[in-house]
Amino acid sequence: MKAAYITHPSFMRHEMGPHHPECPDRLAAISDRLLLRGILDMMDTIEAPAATPEQIDRAHDMRHYYEMRGASPAEGYLSLDPDTAMNPYTWTAALHAAGALVLATELVARGDYRRAFCAVRPPGHHATSDQAMGFCFFNNVAVGIRHATQVLGLERVALIDFDVHHGNGSEEILAGDEQVLMVSTFQTRLYPFNGEEARGPNMCNVGLPPYSDGAALRAAVSERWLPALRDFRPQMLFISAGFDAHREDDMSQLGWRDEDYAWVSREIVRFADEACDGRIVSTLEGGYHIAALARCVELHLRALLGLD
């Protein structure tokens, strides 16, 4: 089964300073492994367009768009918070990262592909409607979701977020939206230090305690996510795929292993096949141990491709 692999050269030019964990090496390692393992031979690589102001506006306050454009430095770096900075290429990369989700949504919704993976930088799920934070500038997945519901006419879509950090921006933008269900796992007492109290009835937030392992993930999926998803009956699934809960990743204190990412990806695919004709749009969020990230993205894509 062919799937779309959506990316853009600008993602390799955005960087936030020496030794920053959200670095171009992340995408390079992913691409190298997928080429070596033959995964990209089974996918169509497509260049992401830049999102338009109108597309960004569906998920963000329009002032945020113009503030980000105006903040773009001509040289060097401009810090937006202690963790998040722009270089001269960030603005272009952020537009293409959001545009990747718009394109992926269209390709999957109209049946060109059943699955699409957006290999993007910068990530997006911490960006709120009016604030860049946590390495994120625009909320890429929320831009895609709003395109699905407000432009393409889907009535119900679900967002699955398994990053180790709570997708606070996605929750802020989508809370109370009756067309969207968001289910997530994240480590408690970790940046952005929220998520335990859901902001809306369409949120199924499952905080996992530090030093828990893949068994906690599997319980969250089986006991919380899947019942909520079955009740909601989405027509398409979106995934904020973060790989920083891995035991080798020092950004967190969770103990997930490669096989846990393979398992959760297979469970998502199984549900999608049952509920929404297999339609999945997945996008890269976190994951900062380069070797573990590349391995687990491969396992994630193998599941999306039906290889496992």
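Some points to look at:
- Any hit, region 103-125, residues being over 26 Å from Phe271 (Cα atoms) and free of Cβ contacts under 8 Å to residues at least 60 places away in the same chain: no
- Some residue of region 73-89 being in a helix (DSSP H, G or I), modelled with pLDDT of 95 or more and crowded, with 18+ Cβ neighbours inside 10 Å: no
- Residue in region 140-148 that is out of contact with any Leu (no Cβ under 7 Å at 6 or more places or on another chain), buried (at least 24 other Cβ atoms within 10 Å of the Cβ) and basic (Lys, Arg) present: yes
- The set of residues in region 209-230 that are closer than 22 Å to Ala142 by Cβ and charged (D, E, K, R) contains only Arg224.
- Restricting region 18-28 to residues that are of a type outside the set (Gly, Ala, Ser) and assigned to a helix (DSSP H, G or I) leaves a set whose member that is farthest from the chain's Cα centre (by Cα) is Asp25.
- Members of region 29-42 found to be in a helix (DSSP H, G or I) and of a type in the set (Val, Ile, Thr), listed by number: Ile30
- Matching residues in region 262-308 - criterion: being touching a strand residue (DSSP E or B) at 6+ places or on another chain (Cβ under 7 Å), farther than 25 Å from His166 by Cβ and among the aliphatic types (A, V, I, L, M): Leu305
- When Gly287, Gly278 are checked against the criterion of being closer than 23 Å to Glu155 by Cβ, in contact with a Lys or Arg (Cβ under 9 Å, 6 or more places away or on another chain), in a loop (DSSP other than H, G, I, E, B) and touching a residue at least 60 places away in the same chain (Cβ under 8 Å), Gly278 stands alone in meeting it.
- Looking only at region 69-90, and only at residues there that are touching a residue at least 24 places away in the same chain (Cβ under 8 Å) and not hydroxyl-bearing (Ser, Thr, Tyr), the one that is farthest from His126 (Cα to Cα): Asn87
- Of the residues Ser265, Ser252, the single one that is modelled with pLDDT of 95 or more and either closer than 24 Å to Pro210 by Cα or surrounded by fewer than 21 Cβ atoms within 10 Å (Cβ to Cβ) (or both) is Ser265.
- Residue among Arg115, Arg110 that alone is buried (at least 24 other Cβ atoms within 10 Å of the Cβ), over 22 Å from Met62 (Cβ atoms), out of contact with any His (no Cβ under 9 Å at 6 or more places or on another chain) and not hydroxyl-bearing (Ser, Thr, Tyr): Arg115
- Residues satisfying the stated conditions in region 231-249, i.e. closer than 18 Å to Asn205 by Cβ and either acidic (Asp, Glu) or surrounded by fewer than 20 Cβ atoms within 10 Å (Cβ to Cβ) (or both): Asp231, Phe232, Asp244
A quick yes/no check of all residues on (1) surrounded by 15 or more Cβ atoms within 10 Å (Cβ to Cβ); (2) within 30 Å of Ala158 (Cβ to Cβ); (3) under 18 Å from the mean Cα position of the chain (by Cα):
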residue	(1), (2), (3)
Ile30	yes, yes, yes
Leu36	no, no, no
Ile46	yes, yes, yes
Asp57	yes, yes, no
Trp91	yes, no, no
Leu101	yes, yes, yes
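- Yes/no for Phe271 being more than 28 Å from Phe11 (Cβ to Cβ) and out of contact with any Asp or Glu (no Cβ under 6 Å at 6 or more places or on another chain): yes
- For Ser10, the criteria (1) buried (at least 18 other Cβ atoms within 10 Å of the Cβ); (2) touching an Asp or Glu at 6+ places or on another chain (Cβ under 7 Å) hold in every case but one, which is (2).
- Ile6 vs. criteria in a strand (DSSP E or B), within 30 Å of Asp250 (Cβ to Cβ), β-branched (Val, Ile, Thr) and in contact with a helix residue (DSSP H, G or I) (Cβ under 9 Å, 6 or more places away or on another chain): yes
The values are calculated or read from the model by the stated rules, or taken from the named source; none is laboratory data. From a predicted model like this one, the values you see are computed outputs, not experimental measurements. Neighbour counts run over all protein chains shown; Cβ positions are idealised from the backbone, glycine included.
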